[in-house]
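S.K.: Okay, handing you the structure first.
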Amino acid sequence: MKNNETEKLIGCCGLYCGLCTKYQSKAPSRCIGCRVGEQHDWCSIYRCCVKKHVYDTCAECKDVYYCDIFLRRKVAEWIPATDNLHQIKEVGLEKWLEEQRQRQILLEGLLQNYNEGRSMSFYCKVCARMSIELINEAMNEADKKLSSEKADTPDMKSKAKILKSLIKDLAIKADVNLDKT
């Protein structure tokens, strides 16, 4: 994945498009990301952040958490948008982007190896909210569990069920909420 490709996936509101179901979808209506083309000119946050102030993200704005546009669109309620903006301010955009690239690679691996056709939304939430270490831990545990089972080749449904159960258990222990939008 090229760096400038992932830069185009930065949502100015704090979301990373590469972890979104609309971006990961294979449907004709698939979203290509917040910074490609003009399809997102309808977004008032995009227009304010990018067009008006020429910021990369709302994290550059000193008034973001008091911004009428930001609050009206209820971005402060989006998990993990607000957390991401705080992290961008704390570690810088490049370091944050590197972590998002790693998360996207993990997500694409989950979708390829553990998606029975009904888990995309769940895996997108997991990769956006859980630590990379916890996701890897769940995958390692799932692989161990699958290799210890008697079945020759577990089907995708069984693989997904095992991994999702492990992820949910780890999320509860780590106090990660996978239910909020």
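All of the numbers you see were taken from the coordinates with simple rules; none came from a lab. Values in this document were obtained by computation on a predicted structure and should not be read as measured data. In this analysis, Cβ positions are derived from the backbone assuming ideal geometry, glycine residues included, and neighbour counts consider all displayed protein chains.
S.K.: Name the residue, out of Gln100, Gln112, Gln87, whose mean-square fluctuation peaks in a Gaussian network model built on the chain with Cα pairs under 10 Å.
M.R.: So, out of Gln100, Gln112, Gln87, the one fluctuating most is Gln112.
S.K.: Asp143 label point, 7 Å along Cα→Cβ, cut-off 18 Å on backbone N: hits in segment 154-170?
M.R.: 154-156, 159-167
S.K.: Pull the list of the chain cysteines that no other Cys approaches to under 4.7 Å, Cβ to Cβ.
M.R.: Cys13, Cys17, Cys20, Cys31, Cys34, Cys43, Cys48, Cys58, Cys61, Cys67, Cys124, Cys127
S.K.: Separate question: Could you compute how fast the chain diffuses translationally, taking Rh as the Kirkwood radius over C-alpha pairs and applying Stokes-Einstein at 25 °C with viscosity 0.890 mPa s? Give it in µm² per second.
M.R.: After rounding, the answer is 141 µm²/s.
S.K.: How would you rank 25-36, 10-21, 88-99, highest first, on the average number of other Cβ atoms within 10 Å across their residues?
M.R.: So the order, starting with the most tightly packed, is 10-21, 88-99, 25-36.
S.K.: Under the definition of Cα pairs under 8 Å and six or more residues apart, what whole-number percent is the relative contact order of segment 3-173?
M.R.: The value is 21 percent.
S.K.: Over 32 Å between C-alpha atoms is what I'm after, so list which of Lys74/Lys144; Lys89/Lys159; Lys22/Lys95; Lys22/Lys164; Lys62/Lys173; Lys26/Lys62 land there.
M.R.: As for pairs spanning more than 32 Å Cα to Cα, those are Lys74/Lys144; Lys89/Lys159; Lys62/Lys173; Lys26/Lys62.
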